[in-house]
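The values are calculated or read from the model by the stated rules, or taken from the named source; none is laboratory data. Bear in mind the structure is a predicted one, so any value in this text is a computation, not a measurement. Every residue, glycine among them, receives a Cβ derived from its backbone with ideal geometry; neighbour counts consider all protein chains shown.
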Amino acid sequence: MTQVSRYGHMLKVTVNKMRMRVTARYRVDGSMLNDTVEATMQGAETTLELESPDAPARVAKVVRNAERGCFVMQALLKPVTVTGQTLLNGAPLQG
């Protein structure tokens, strides 16, 4: 929604009202006791509701740009490498 506001402003398209519904489907398998927990995201659906006095073609341009400019959506569509580290009392956690 932030990107819709941002690109709407840039393209001079008025958005009076905006509402987003996101449904995520996920699954967790494995066992905590056996140290085998594994989560997978099965999919996501979004519904974006907009109110605007501007022409549908102009609003559609805002939405297209907002989707392409959304870091989260793009990371889900084109997965990226994720790295992480955990520190315990300031030192790398081993194990």
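Miscellaneous remarks
- Only one entry of 57, 66 meets the criterion of being part of a helix (DSSP H, G or I), at pLDDT 95 or above and loosely packed, with under 10 Cβ neighbours inside 10 Å, and that entry is 57.
- Members of segment 3-39 found to be of a type in the set (S, T, N, Q), surrounded by 10 or more Cβ atoms within 10 Å (Cβ to Cβ) and within 24 Å of residue 78 (Cβ to Cβ), listed by number: 3, 5
- Note on segment 63-88: among residues that are more than 17 Å from the chain's Cα centre (by Cα) and of a type in the set (A, V, I, L, M, F, W, C), the one that is nearest to residue 12 (Cα to Cα) is 87.
- Yes/no for residue 4 being aliphatic (A, V, I, L, M), in a strand (DSSP E or B), in contact (Cβ under 8 Å) with a residue 12 or more places away in the chain and touching a strand residue (DSSP E or B) at 6+ places or on another chain (Cβ under 9 Å): no
- Subset of segment 61-95 (residues that are in contact (Cβ under 8 Å) with a residue 12 or more places away in the chain and not polar (S, T, N, Q)): 61, 62, 63, 66, 67, 69, 70, 76
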